[in-house]
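Worksheet: one structure, shown below.
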Amino acid sequence: MRFGGLTCVDKVSTTVEENELLGMIGPNGAGKTTVFNMITGVYDPTEGDILFNNESIVPYKPYEVSKKGISRTFQNIRLFKSLSVKDNVRVSFIKNVQSKYFSSILQLPKFTKEEKEIDKKIDELLEMFDLLHEKDEYAVSLPYGDQRKLEIVRALATSPKLLLLDEPAAGMNPTEKVDLMNLIKKIKDLFSISILLIEHDMKVVMGVCERIFVLEYGKKIADGKPEEIRNDPKVILAYLGDTHAGN
Amino acid sequence: MQVKSKLLFLSSIAVIFIINLFAGSIDPYFYTVIIYIGINMILATSLNLINGYTGQFSLGHAGFMAIGGYLSIALSTYFAPFFQRTFGTGVFGESITFIIVLLAGGTAAALVGLLVGVPSLRLKGDYLAITTLGFAEIIRVVIQNMDVIGASQGFRGVYIYTNGVKSPQMVQDLVDMPNIFYAVPKFTNFFWTFLFVAIIVYYVHNLINSTYGRGFLSVKDDEIAAESMGINTTKFKVSAFVTGAFFAGIAGVLYGHFNLYLNPEDFNFLKSVEIVVMVILGGMGSMIGVIIAAVLLTILPEFLRSVSEYRMIIYALLLIIIMLTRPQGLFGFKVKLKKDKNKK
């Protein structure tokens, strides 16, 4: 991926296996979010290809990528501000909704039935993540941790096969981080989906990820199990700098 | 809940129908104001779908109104002999004629809305406002130069000569030729106007409160997030734009068949702004607020007639004061953050 003359992400190649939790780490500006944006179709890669279920998803627009089964959260929370918690989740159901424009206006029986089903599904999801008591609040009035959680629930409501989490632990305190780790594990167990996680917090990454790959300046420098990554000299160099630089 | 809104809709139509029976006894001046209130309600509610709910700042609503208005009165005058022959001149025949021209006017406006919307809705905010404004001006200037609909002199009817020549003005060369003048028929009445008010309120209400319709609001709040949740934002924007244009066209038809005379100047920049003001004053995305603003902004200039030359100054001042004290609009809402959240 290049922006003008700036090569931002260079020949990064990896695979996320089915039902795998892959962590992506790297120093600031390494291109992690750019990778996300390429996968979800926000940017089109200038070179290379992205395959999902053996199908190239490069030509697809973001909403089409979402329909294919890839969902994401955002580094800086992007909830729908003027919508309630419930409606934030509801939006995720639109892509599969059967009663569209005209049946919504005419309120056909099909529409009424479907609305009830969706209502039920939303309630179940919110219940599962302990947000049900806040369902009628405006999304932005939730505490920070719950907003992050709601974003994940919203992404899950699109019933994805691959979930991309962009720094879900950013700005959280240690207790919230522990909750988050449990949440991620829970999602993986309950929904059996693949998760690609960007995270800065090593505790979280090492705690939940089965495999980690490391980016630096847009290049992959390591890929392996958490223990391997922890002891990889290149990774340590990237994160901590060269301790012998002065000599 | 849904049964209730259906019932409310049907009963309101019944009420409108009954009131219409007594419409003859209403003072003509008040009657005119009431009709204009209805037309403005339709305009404001339809623009609210675009500007308020979907968050796309359109400044060209008068253009769609002009298309609907002009097309419909051209139809109902140029084809007056045809309509009279086919459907007769009774109430029933006239109603059918009116329904046809209403749908034609609305559809034409919607089609133009589609044509304008597809390229221009890629733009955001100010840029979209300028594009739509430019488009509305183009419509006006084109109408101003079309002789078949009266050009800059306005359009009040058609002279149809026995040799088949049709013209909105007397033709000099055919002075001695016998002709019939077909004026714009006065089809619009209380019933038709408020029937469409009821329809658009019901329509937009149902749309916005459905799962599918929540997509419009999500586009307003955060396009990137909406796209990532599988929402085709372009499709939602265009469909809001087309729906808005359709009802603006309908409002134009109602206006044309009430005023019985259309002038390109009726649809200038100020008319578009007036509709935008109704939406902003009422509160973007508040149905009831926008309707009340439409009523207020139609009545206010009438009340201020007593102070004649200061009228527009007071009108503008009131708008400024309201905006300073309630920037979110009369019935708009601000998302309130719960401050005592942590105390729980």
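The values are calculated or read from the model by the stated rules, or taken from the named source; none is laboratory data. From a predicted model like this one, the values you see are computed outputs, not experimental measurements. Every residue, glycine among them, receives a Cβ derived from its backbone with ideal geometry; neighbour counts consider all protein chains shown.
In region A:127-146, the residue that is surrounded by the fewest Cβ atoms within 10 Å (Cβ to Cβ) out of those that are within 12 Å of chain B (Cβ to nearest Cβ), among the hydrophobic types (A, V, I, L, M, F, W, C) and not in a loop (DSSP other than H, G, I, E, B) is A:VAL140. Residues that are more than 9 Å from every other protein chain (Cβ to nearest Cβ) and not acidic (Asp, Glu): does region B:224-232 have at least one? Looking for residues that are more than 9 Å from every other protein chain (Cβ to nearest Cβ) and not acidic (Asp, Glu), one finds none in region B:224-232, hence no. Take B:ILE199 and decide whether it is in contact with a strand residue (DSSP E or B) (Cβ under 9 Å, 6 or more places away or on another chain) and either within 9 Å of chain A (Cβ to nearest Cβ) or surrounded by fewer than 22 Cβ atoms within 10 Å (Cβ to Cβ) (or both). Judged against the criteria, B:ILE199 is not a match. No other residue among B:SER210, B:SER167, B:SER218 is out of contact with any helix residue (DSSP H, G or I) (no Cβ under 6 Å at 6 or more places or on another chain) and of a type in the set (S, T, N, Q) apart from B:SER167. From the list A:ILE212, A:ILE236, the one residue that fits, being modelled with pLDDT under 80 and aliphatic (A, V, I, L, M), is A:ILE236. Of everything in region B:312-343, what is modelled with pLDDT under 75 and either in a helix (DSSP H, G or I) or within 10 Å of another protein chain (Cβ to nearest Cβ) (or both)? Give them in sequence order. Correct list: B:PHE333, B:LYS334, B:VAL335, B:LYS336, B:LEU337, B:LYS338, B:LYS339, B:ASP340, B:LYS341, B:ASN342, B:LYS343.
Does A:LYS95 qualify as being facing another protein chain (nearest Cβ under 9 Å), part of a loop (DSSP other than H, G, I, E, B) and more than 27 Å from A:GLY31 (Cα to Cα)? In short, no.
Taking the numbered list (1) more than 27 Å from B:LYS237 (Cα to Cα); (2) surrounded by fewer than 24 Cβ atoms within 10 Å (Cβ to Cβ); (3) out of contact with any Leu (no Cβ under 9 Å at 6 or more places or on another chain) in turn, B:ILE100 passes all entries but (3). Taking A:GLU124, is it at pLDDT 90 or above and within 10 Å of another protein chain (Cβ to nearest Cβ)? The answer is no for A:GLU124. Out of curiosity, is A:MET172 part of a helix (DSSP H, G or I) and modelled with pLDDT of 80 or more? No: the conditions fail for A:MET172.
Selection within region A:27-84: residues that are among the small types (Gly, Ala, Ser) and over 30 Å from A:GLU137 (Cα atoms). The member of this set that is nearest to the other protein chains (Cβ to nearest Cβ) is A:GLY41.
Return only the number of the condition from (1) under 23 Å from B:LEU121 (Cα atoms); (2) away from every other protein chain (no Cβ under 14 Å) that B:VAL238 does not satisfy. All conditions pass for B:VAL238, except number (2). For B:ASN48, the criteria (1) at pLDDT 90 or above; (2) assigned to a helix (DSSP H, G or I); (3) within 28 Å of B:SER152 (Cα to Cα) hold in every case but one, which is (3).
Of all the criteria given as (1) of a type in the set (A, V, I, L, M, F, W, C); (2) more than 14 Å from chain B (Cβ to nearest Cβ); (3) surrounded by fewer than 20 Cβ atoms within 10 Å (Cβ to Cβ), the one not satisfied by A:PHE102 is (2). The residue pairs whose first member lies in region B:1-15 and is closer than 18 Å to B:PHE194 by Cβ, whose second member is modelled with pLDDT of 80 or more and of a type outside the set (D, E, K, R), and whose beta carbons are closer than 6 Å, counting only pairs six or more residues apart or on different chains, are B:PHE9/B:TYR202; B:SER12/B:ALA198; B:ILE13/B:ALA198.
The single condition among (1) under 18 Å from A:LEU164 (Cα atoms); (2) buried (at least 18 other Cβ atoms within 10 Å of the Cβ) that A:ASN53 does not satisfy is (2).
Among the residues making up region A:44-80, those that are in contact with a strand residue (DSSP E or B) (Cβ under 9 Å, 6 or more places away or on another chain), among the hydrophobic types (A, V, I, L, M, F, W, C) and part of a strand (DSSP E or B) are A:PHE52, A:ILE70. The set of residues in region A:105-114 that are crowded, with 20+ Cβ neighbours inside 10 Å and either more than 8 Å from chain B (Cβ to nearest Cβ) or of a type in the set (A, V, I, L, M) (or both) contains only A:ILE105. Only one of the listed residues (A:LEU190, A:LEU183) is part of a helix (DSSP H, G or I) and either under 16 Å from A:GLU151 (Cα atoms) or without any contact (Cβ under 8 Å) to a residue 60 or more places away in the chain (or both). That residue is A:LEU183.
Restricted to region B:51-147, the set of helices (runs of 4 or more DSSP H) holding at least 2 residues that are touching a Lys or Arg at 6+ places or on another chain (Cβ under 9 Å) and either among the aliphatic types (A, V, I, L, M) or without any contact (Cβ under 8 Å) to a residue 60 or more places away in the chain (or both) comprises B:61-78, B:125-144. Scanning region B:261-308 for residues that are over 24 Å from B:ILE67 (Cβ atoms), surrounded by fewer than 21 Cβ atoms within 10 Å (Cβ to Cβ) and of a type in the set (S, T, N, Q) yields B:SER306, B:SER308.
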